[in-house]
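See structure below.
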Amino acid sequence: MTVHNIRHGDASDGALSEAVGGRLSRVDGPAKITGAAKYAVEQRLEGLAYAVLVESTIASGKVRAIDTTAAEAAPGVLQVLTPDTIISLRTASDWFGTPPPDKPYCPLARDITFSGQHVAAVVAETFEQAVAAAALVKVSYDETPSIVDLSDAKAGDGIPIDAMTKEWGDAQAAFASAPVRICAAYNTPREYQAPMEPHGLIARWEDDQLTVWEPSQWLDGMARTYAEWFGVPFENVRLVSPYIGGGFGSKALALSHGAVAACAARMLGRPVRLVMTRPQTFTGYGGRAATRQTVAIGADANGKIQSIVHRGVNETSIDGMWVEPLGSVTSIMYATPTFSSKQNVVRVNSVVPGAMRAPGENPSAFGIESAIDELAYEVGIDPLEIRLRNYAEQDPHAKKAWSTRQLREAFATGAERFGWFRRTPEPRSMRDGNQLIGWGVAAGTYPVRRAYGEAIVRILADGSVEVESSSIDMGQGTYTILAQTAAETVGVRADDVVVKLGDSRFPRAGVTGGSRLAGVMTGAVYKAATSALDQLVGLAISDPRSPFHALQANTLVVANGRIGSPRGDGPDVSIAELLKSVGRDHIEATGDTMPANSTSDDRYKNYTTIAMALPHTEGDYSRHSWCAHFIEVRVDEDFGTVRVSRVVSALDSGRLYNPKLAESQWKGGIIMGIGQALLEEGIMDRRHGRIVNNNLADYLVPTNADIPDIEVISVGIPDLHSSVLGGKGVGELAIVGVAPAIANAVFHATGKRIRDLPITLEKLI
Amino acid sequence: MKDFSYLRAASVDAALQAAALPGAMLLAGGTTLIDLAKCGVTEPETLVDITHLKGLNSIEVGERGATIGALARMGHVADHGDIKSRFPAVSEALWQAASAQIRNMATIGGNLMQRTRCPYFRDPANFPACNKREPGSGCSAIGGVTRGHAVLGTSNACIAMYPGDLAVALVAFDAVVHLGLRQVPVDDFFLLPGTTPNREHAIEPGEMITAIEIPGSASARRSTYLKIRDRQSYEFAAASAAVGVEFEADGRTIRDLRVALGGVATKPWRARAAEDALKGKVLEPDAVRAASLLAVEGAVDHGANHYKIELAPRVVARAILKLGETA
């Protein structure tokens, strides 16, 4: 897919907006708004067949029998896949690249471990025929008791995850002897990514070559999984994913429905399309795990922390493992002489939970940032002041200097813009008629995850520039910032850069997750573009046919697509003219940020697993993004309804490659945080172990009417320890801390401390 | 969704004839019907499209009242100047219902036929027991997730909440449903579940809603619809109230009062006990709050929906007091 020289922005976007750091509008915007952008499952293929999944209606047990007679006889049906009839696959390695056990893998289940598990699939000539036939598949079960959730008596304490333990000093003893102690439990429910585009794919086999059109946050990682499932070389699998209608962490891995579609295509010898229904997106893959934390803080009478003792639990599935690192913010936000954090995971009859915007940091911040607010009230200190008194001047866990930490600036700037100092501290002390008004503050953070990237930059005969990468754009702006990077580095206008993404045949990229892509890929494109520019200038200086040859210059300047001498005293030609004069139809350079001695195996591992990601505390520094949210809520004292009426957030994501797009992502994170705080919750029927609000009418996400004006302010400075061009993570940062800021504001408004999300009206009336 | 045939009715009579065939259903805006077909709750054999019938989408408002054609769109009625001035509760109920996209498609007649959002009713594959879908099969909701279920008008067979807004305003102001020649008061049009929750409306095979008539009144003119919910827009009511008041010449004494509840009952719920307690009294906050408690007399909760019993009287009281402020 290509974004062809799409005009961008409005007239106010001057030339500067095209450089890195400029406010260039999204170059893919017009294609999306006009409908020209073709999403993965919109490909029109000859002979396309349609697959529909049949899911388990029990949460635990075994499939006794599947009667496919009626479905097979239904009009248009091509095949009915069951665990007995589907072709056998091999188990694939996990995302760390751990070699898998040598055993077969079946994406359709005989042993049921959660309600909504795929047990069969029907493939038909049309989608409607497949839907109708799927309803005729009769599955009978031998049901066994299930473990519903964390509160189930059968759930137990779970499995200790030793790798999550973080301790220094004797935190228990320090807590026991602290003059001021607070201790409370904080819970977050199952939450769902709810992307607008549901998961789905088209799979097509041509001999042993598999092409998969599928929304993907990780083309090379998913291609590896498909290749391992089917026992074909990695190179035989092509993933195509030019646009993604929202991922939020849920589209990074090849999932069982993808295996079903690819099996069906192989068995039929026809391309097969499979798209999940909206209800299936609540059980076909994991949302955010439900979590429980207890946070105990011991402090002196001035609110200076002496001890933090933290215990966390998250749900995982019966046969999968998901760890939501609940001590991730707890262990770095505040200076404390003693600390203890431990975590268990509990197996319940659920689909294995997955990544959802800031996994770990998000619930972790809800615990510690609520608890610090409770401590502020306990000792009678302003909630902002207590954060400054306990400010961590270095990483308290890693004992390393921060690469950059503009959190103090975030507090100061946010407080000033919000008017925090006009706040009256007493709960229920601010009101407007029936509306109780509350102001809350909370901080957020997200680590800088780093990896290596690769890109091709081509300077073409017409002087335009082409960038290729198998990385993706799911709305965050990759197309745009890579165009800006190439434009600035080569010296052309962003309009003259074509960025091609979303095809695993392009130079490889690792996962788009953990807010790492922008930092990784701007670095790779910068390197490739620098190398292409060097070639261009080298040709211009040294090629006897070049108009600059006689000049005997050491270097030349390329700007706005034209080449000239630094002093402007020689020829001035366009890139196209130069290439023509030296007889070249293009210049091509591959650039990557891999260490110089990397082997091809290293490269494969880097792009198809997360095993080579660099720790954020590698070397001398601890690298994180930071933010402070100041939020006003209005709570109706009779009805308990909470509305967010004002948000001011100051954020440190280092250097911004494109402030307009970064602000948009920050606002998106804040909006998602408002949903998490007030609305979002998978509601369980405990008798059936099934989430019953599995649709977007009953699983509530915020509407426009729920969202006030949001002011976001960048307080970051370039951080060259974090990335080649100085940026830190953007995408996940801003959701972290929103829910506790709202809960703290609700306490200020009402005097009620809500420690279980979401804060629905019945908890306040 | 099963394949179905589609035909476009040329006249009301033709529509009624076609709709009387087994497995046939009338199609207007389609916002409920298509949704329920996707869920597998309804499996029509034939859809009889009535959207092209002439003369059924008018909105006529005069001194005696309003007559709204069954095919008038929710959005049009909500934005109609005379509806807004003479029946503010009706306009406000419509504005706060559904989303702009749905209001632009859905018709007034179809809106009255909207079915419950009970998640057990809407998921036949996972919850085969539902007396509303399959009489005698049982109720999956009782003992299950009940946060959105009714506390008034329930039976042992069904606790599904009536989800609509418009009909709450209609029942407050004694509106009448026109079924061709026959006319039924809205309060009688919606049936209590009792032992037959599958039967929701007093409409017979071969009948069709042609219009809704709302009598004009002073209380309708001074009326409001207050809808409370966790999400500010596009959510069904946790509790709502349609309220209208008419004062005596002193501007304080209540001559007529209309109160109906939404979001809490198995049908649009007229709260006559609350009305009667305040008629003839001076509108004053404590009396209003005390009388509002009568609106949920006889309420029975099923655990997670208990909050509705607390919430609904507060919504009623706020709505009445708001009308008093504008006196």
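Among all residue pairs at least 6 apart or on different chains, which show Cβ distances below 6 Å where the first residue, located in the stretch A:492-510, is of a type in the set (Val, Ile, Thr) and the second is in a strand (DSSP E or B) and surrounded by 21 or more Cβ atoms within 10 Å (Cβ to Cβ)?
From residues that are of a type in the set (Val, Ile, Thr), the pairs are A:Val492/A:Val465; A:Val497/A:Val465; A:Val499/A:Val467.
When the residues of the stretch A:420-450 are narrowed to those that are among the polar types (S, T, N, Q) and within 14 Å of another protein chain (Cβ to nearest Cβ), which ends up nearest to the chain's Cα centre (by Cα)?
The extreme case among them is A:Gln435.
So, of the residues in the stretch A:672-727 that are facing chain B (nearest Cβ under 7 Å) and outside any loop (DSSP other than H, G, I, E, B), which turns out to be farthest from A:Val520 (Cα to Cα)?
Taking the candidates together, the pick is A:Asp685.
What are the pairs with Cβ atoms under 8 angstrom where one residue, in the stretch B:265-293, is farther than 22 Å from B:Phe190 by Cβ and buried (at least 17 other Cβ atoms within 10 Å of the Cβ) and the other, located anywhere, is of a type in the set (A, V, I, L, M, F, W, C) and modelled with pLDDT under 95? Sequence gap at least six, or different chains.
From the stretch B:265-293, the pairs are B:Leu283/B:Ala327.
Of A:Gly438, A:Gly360, which residue is touching a residue at least 40 places away in the same chain (Cβ under 8 Å) and buried (at least 18 other Cβ atoms within 10 Å of the Cβ)?
Going through A:Gly438, A:Gly360 in turn, just one is touching a residue at least 40 places away in the same chain (Cβ under 8 Å) and buried (at least 18 other Cβ atoms within 10 Å of the Cβ): A:Gly438.
Which pairs have Cβ atoms under 8 Å, sit 6 or more apart or on different chains, and link a residue in the stretch B:295-317 that is surrounded by 24 or more Cβ atoms within 10 Å (Cβ to Cβ) to one that is of a type in the set (Asp, Glu) and outside any loop (DSSP other than H, G, I, E, B)?
Qualifying pairs under 8 Å: B:Leu311/A:Glu762.
For the stretch B:272-327, list the helices (runs of 4 or more DSSP H) that sit wholly inside it and hold at least 3 residues that are in contact with an Asp or Glu (Cβ under 8 Å, 6 or more places away or on another chain); which are they?
B:307-325
Can you pull out every residue in the stretch A:728-765 that is in contact (Cβ under 8 Å) with a residue 24 or more places away in the chain, within 14 Å of another protein chain (Cβ to nearest Cβ) and in a loop (DSSP other than H, G, I, E, B)?
A:Leu757, A:Pro758, A:Ile759, A:Thr760, A:Leu764, A:Ile765
Residues are listed down the side, and each one gets a yes or a no for (1) surrounded by 24 or more Cβ atoms within 10 Å (Cβ to Cβ); (2) in contact with a helix residue (DSSP H, G or I) (Cβ under 8 Å, 6 or more places away or on another chain); (3) modelled with pLDDT of 95 or more:
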| site | (1), (2), (3) |
| --- | --- |
| A:Pro198 | no, yes, yes |
| A:Ser216 | yes, yes, yes |
| A:Gly221 | yes, yes, yes |
| A:Phe234 | no, yes, yes |
| A:Leu268 | no, no, yes |
| A:Gln306 | no, yes, yes |
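If I ask for residues that are under 19 Å from A:Ile710 (Cβ atoms) and either in contact with a Gly (Cβ under 8 Å, 6 or more places away or on another chain) or part of a loop (DSSP other than H, G, I, E, B) (or both), which ones from the stretch A:424-444 would you list?
Once the filter is applied, which keeps residues that are under 19 Å from A:Ile710 (Cβ atoms) and either in contact with a Gly (Cβ under 8 Å, 6 or more places away or on another chain) or part of a loop (DSSP other than H, G, I, E, B) (or both), the stretch A:424-444 yields A:Val441, A:Ala442, A:Ala443, A:Gly444.
Residue under question is B:Val243, and the condition is that it be in contact with a helix residue (DSSP H, G or I) (Cβ under 6 Å, 6 or more places away or on another chain), outside the structural domain of B:Val288 (by TED's automatic domain parsing) and among the β-branched types (Val, Ile, Thr); does it hold?
No.
Could you check the stretch B:117-140 and list, in sequence order, the residues that are of a type in the set (S, T, N, Q), more than 9 Å from chain A (Cβ to nearest Cβ) and surrounded by fewer than 23 Cβ atoms within 10 Å (Cβ to Cβ)?
If the condition is that a residue be of a type in the set (S, T, N, Q), more than 9 Å from chain A (Cβ to nearest Cβ) and surrounded by fewer than 23 Cβ atoms within 10 Å (Cβ to Cβ), then B:Ser137 is the only one that fits.
Let me confirm something: among A:Leu108, A:Leu136, which residue is more than 12 Å from chain B (Cβ to nearest Cβ) and of a type outside the set (Phe, Trp, Tyr)?
Sole residue among the options that is more than 12 Å from chain B (Cβ to nearest Cβ) and of a type outside the set (Phe, Trp, Tyr): A:Leu108.
For the stretch B:144-236, which fully contained helices (runs of 4 or more DSSP H) count at least 2 residues that are surrounded by fewer than 22 Cβ atoms within 10 Å (Cβ to Cβ)?
Because the criterion is at least 2 residues that are surrounded by fewer than 22 Cβ atoms within 10 Å (Cβ to Cβ), the helices (runs of 4 or more DSSP H) in the stretch B:144-236 that meet it are B:186-189, B:218-221.
Output yes when any residue across the stretch B:240-250 is within 15 Å of B:Ala312 (Cα to Cα), within 12 Å of chain A (Cβ to nearest Cβ), touching a residue at least 24 places away in the same chain (Cβ under 8 Å) and not polar (S, T, N, Q), and no when none is.
Scanning the stretch B:240-250, I find at least one residue that is within 15 Å of B:Ala312 (Cα to Cα), within 12 Å of chain A (Cβ to nearest Cβ), touching a residue at least 24 places away in the same chain (Cβ under 8 Å) and not polar (S, T, N, Q), so the answer is yes.
So which of A:Ser645, A:Ser625 ends up being more than 9 Å from chain B (Cβ to nearest Cβ), at pLDDT 95 or above, surrounded by fewer than 24 Cβ atoms within 10 Å (Cβ to Cβ) and assigned to a strand (DSSP E or B)?
Unique residue meeting the criteria: A:Ser645.
Could you check A:Arg347 against (1) among the charged types (D, E, K, R); (2) surrounded by fewer than 23 Cβ atoms within 10 Å (Cβ to Cβ); (3) more than 30 Å from A:Met321 (Cα to Cα) and say which number it fails?
(3)
Here's a check for you: in the stretch A:62-88, which residue that is of a type in the set (Val, Ile, Thr) and touching a residue at least 60 places away in the same chain (Cβ under 8 Å) is surrounded by the fewest Cβ atoms within 10 Å (Cβ to Cβ)?
It comes out as A:Ile87.
Might you let me know whether the stretch B:178-195 holds any residue that is without any contact (Cβ under 8 Å) to a residue 12 or more places away in the chain and within 26 Å of B:Leu257 (Cβ to Cβ)?
Yes, the stretch B:178-195 contains a residue that is without any contact (Cβ under 8 Å) to a residue 12 or more places away in the chain and within 26 Å of B:Leu257 (Cβ to Cβ).
Applying the selection to the stretch B:220-239, what residues are within 14 Å of chain A (Cβ to nearest Cβ) and either aromatic (Phe, Trp, Tyr) or farther than 18 Å from B:Leu293 by Cα (or both)?
B:Arg229, B:Asp230, B:Arg231, B:Gln232, B:Ser233, B:Tyr234, B:Glu235, B:Phe236, B:Ala237
Taking the residues in the stretch B:274-323 that are of a type in the set (Val, Ile, Thr) and under 23 Å from the mean Cα position of the chain (by Cα) as candidates, determine which candidate is nearest to the other protein chains (Cβ to nearest Cβ).
B:Val315
As an exercise: evaluate A:Arg408 against (1) assigned to a helix (DSSP H, G or I); (2) among the charged types (D, E, K, R); (3) crowded, with 24+ Cβ neighbours inside 10 Å and give the number of the one condition it does not meet.
All conditions are met except number (3).
Hey, could you check the stretch A:89-117 for residues that are touching a His at 6+ places or on another chain (Cβ under 8 Å) and in contact (Cβ under 8 Å) with a residue 60 or more places away in the chain and say which is farthest from A:Ala223 (Cα to Cα)?
Among those residues, the one meeting the criterion is A:Ser115.
Within the stretch A:556-576, track down each residue that is without any contact (Cβ under 8 Å) to a residue 24 or more places away in the chain and more than 12 Å from A:Gly491 (Cβ to Cβ).
Hits for the stretch A:556-576 are A:Ser565, A:Pro566, A:Arg567, A:Gly568, A:Asp569, A:Gly570, A:Asp572.
Residue by residue through the stretch A:511-555, note down the ones that are without any contact (Cβ under 8 Å) to a residue 24 or more places away in the chain, among the small types (Gly, Ala, Ser) and outside any loop (DSSP other than H, G, I, E, B).
Correct list: A:Gly538, A:Ser542, A:Ala550.
Please pick out the residue among A:Glu637, A:Glu711 that is within 27 Å of A:Gly729 (Cβ to Cβ) and either modelled with pLDDT of 95 or more or among the aromatic types (Phe, Trp, Tyr) (or both).
Exactly one of A:Glu637, A:Glu711 is within 27 Å of A:Gly729 (Cβ to Cβ) and either modelled with pLDDT of 95 or more or among the aromatic types (Phe, Trp, Tyr) (or both), namely A:Glu711.
The values are calculated or read from the model by the stated rules, or taken from the named source; none is laboratory data. Keep in mind that this is a model prediction, so the values were computed, not measured. Note that we place each Cβ from the backbone using ideal geometry, even for glycine, and neighbour counts take in every protein chain shown.
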